[in-house]
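Presented below is the structure to which this report refers.
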Amino acid sequence: MIIVMGREVTDTEIGAVVKKLEAAGLQANISRGIERTVIGAIGDESKLDPDMFTPLPGVESAMHIAKQYKIVSRESHRESTVIDIAGVPLGGSQIQIIAGPCSVETQEQMDLSAQFVREAGCRLMRGGAFKPRTSPYTFQGKGVEGLDIFRKAADKFKLPIVTELMDARQLDSFLEYDVDVIQIGTRNMQNFDLLKEVGRINKPVILKRGMSATISEWLMAAEYIAAGGNHNIIFCERGIRTFETYYRNVLDVTAIPVLKKETHLPVIVDPSHAGGKAWMVPALSQAAIAAGADGLLVEMHPSPCDAWCDADQALSPPELKKLMGTLGAIASAIGRTL
Ligand code: PEP
Ligand code: MN
């Protein structure tokens, strides 16, 4: 059972719901989001009836949710959620392409990247300052200095920034540099303590799919963030591990309509880490938008062959511009805008 309360709910109104749950022998998980507060019943809820809660002040609705994931489920919230990223809407009819290099390298590289991202018509920028690398002997990212470089470059072109958080100890720096969207990478999708930490703040979070995670594990990981009160979650399909070795990962296009059915939250696709080669990125991007993705996370580097990380899969600036043209045509064919 979840009890949904409105934006203006008071502590007293929440308290009355909690008291009623406790009187029935259950406990409450209070998830205070910006748009709504959702109280989840913990325990044997078979004896609960929604009618016990709907007359209480501040309660908008109460319902049994059969699924394990509740706040993120479309059952609990029919309309698609549009997340406001520093004024840029994600999840509505306008598709957002988040582009930029795999990693932050230098101020010059980031300034140029931001310029090309803007010139291509994208409204959001990506770039990793903390990099989860397979080998400890490869470039690990510029760290906090990278956040500083990224923020300066993106501010010159008024682009909100997306960057990966690997460790809760870096969260204060992310808040200090006012990172607009926190990315949780594939390797941390089930790092539950990290998910709980980003659940405590109200910054939008991109939750990438674990490379071997099922859809329900992915949804449950998002529920960890939501349960803490952060309802600004964006799912990102980035390819999964299969028996195929020709490409880096298999882009699971099927996951897009499935996620759109199961959750009210936005769903985006990373075609770069799926294919692993720049030449595959346009085809995968087109498939993703045609299948209903709300946006893309694409790697682009001012000079791909000089990239310090993931050079093979970075689009060049003209390739990104060309892709934006094609995606615009697909967007209008499916009644959306780019
Ligand atoms: C990235 O976006 O730079 C990245 C490391 O992605 P993933 O977690 O999907 O591998
Ligand atoms: Mn990368």
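The values are calculated or read from the model by the stated rules, or taken from the named source; none is laboratory data. For clarity, every value in this text was computed on a predicted model and none was experimentally measured. Note: ideal-geometry Cβ built from the backbone for every residue, glycine included; neighbour counts use all protein chains shown. Accessible surface areas use protein heavy atoms only, side chains included; no ligands, DNA or RNA. Shrake-Rupley method; radii C 1.70, N 1.55, O 1.52, S 1.80 Å.
Tabulated values for the structure
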read-out: Conditions (1) touching a Gly at 6+ places or on another chain (Cβ under 8 Å); (2) within 16 Å of ligand 2 (Cβ to nearest atom); number of the one not met by residue 234; value: (2)
read-out: Looking only at segment 230-252, and only at residues there that are under 30 Å from residue 7 (Cα atoms) and in contact (Cβ under 8 Å) with a residue 40 or more places away in the chain, the one that is nearest to ligand 1 (Cβ to nearest atom); value: 236
read-out: Condition broken by residue 262, with the remaining ones in (1) in contact (Cβ under 8 Å) with a residue 24 or more places away in the chain; (2) open to solvent by 40 Å² or more (accessible area, probe 1.4 Å); (3) over 23 Å from residue 326 (Cβ atoms); (4) not basic (Lys, Arg) satisfied; value: (2)
read-out: Test: residue in segment 311-326 that is within 30 Å of residue 69 (Cβ to Cβ), open to solvent by less than 10 Å² (accessible area, probe 1.4 Å), within 16 Å of ligand 1 (Cβ to nearest atom) and in the same structural domain as residue 105 (by TED's automatic domain parsing); value: no
read-out: Filter result (more than 18 Å from residue 254 (Cβ to Cβ) and either free of Cβ contacts under 8 Å to residues at least 24 places away in the same chain or within 15 Å of ligand 1 (Cβ to nearest atom) (or both)) within segment 281-294; value: 281
read-out: Answer residue from segment 191-222, given it is within 15 Å of ligand 1 (Cβ to nearest atom) and over 14 Å from the mean Cα position of the chain (by Cα) and is most open to solvent (accessible area, probe 1.4 Å) among those; value: 212
read-out: Residue within segment 252-262 that is more than 21 Å from the chain's Cα centre (by Cα) and of a type outside the set (Phe, Trp, Tyr) present; value: no
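Yes or no, residue by residue, for (1) outside the structural domain of residue 264 (by TED's automatic domain parsing); (2) open to solvent by less than 10 Å² (accessible area, probe 1.4 Å); (3) free of Cβ contacts under 8 Å to residues at least 24 places away in the same chain; (4) touching a strand residue (DSSP E or B) at 6+ places or on another chain (Cβ under 6 Å):
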site: 17; (1), (2), (3), (4): yes, yes, no, yes
site: 23; (1), (2), (3), (4): yes, no, yes, no
site: 68; (1), (2), (3), (4): yes, no, no, no
site: 75; (1), (2), (3), (4): yes, no, yes, no
